[in-house]
Amino acid sequence: MAEEKATKEEQKKMEERALSVFASEKKEDMTALIISFILAVIVLIALK
């Protein structure tokens, strides 16, 4: 029983860690998307 409880706690910690990694990756993806959009607008204005 004690091993099973420890395993569940470890699994919960791993899930929380994975979710935080996905959240930070999503934030980085949004930042990259915004930067590339701004650069595209600047290039379009410069070539106009």
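The values are calculated or read from the model by the stated rules, or taken from the named source; none is laboratory data. These numbers come from a predicted model, not from an experiment. Cβ coordinates were reconstructed from backbone atoms using ideal geometry, including for glycine residues, and neighbour counts include every protein chain displayed.
Checked against the criteria, residue 43 does not count as surrounded by 10 or more Cβ atoms within 10 Å (Cβ to Cβ) and either among the hydroxyl-bearing types (Ser, Thr, Tyr) or within 22 Å of the chain's Cα centre (by Cα) (or both).
Of all residues in the range 1-32, exactly one satisfies the criterion of being over 12 Å from the mean Cα position of the chain (by Cα), surrounded by 10 or more Cβ atoms within 10 Å (Cβ to Cβ) and at pLDDT below 85, namely 6.
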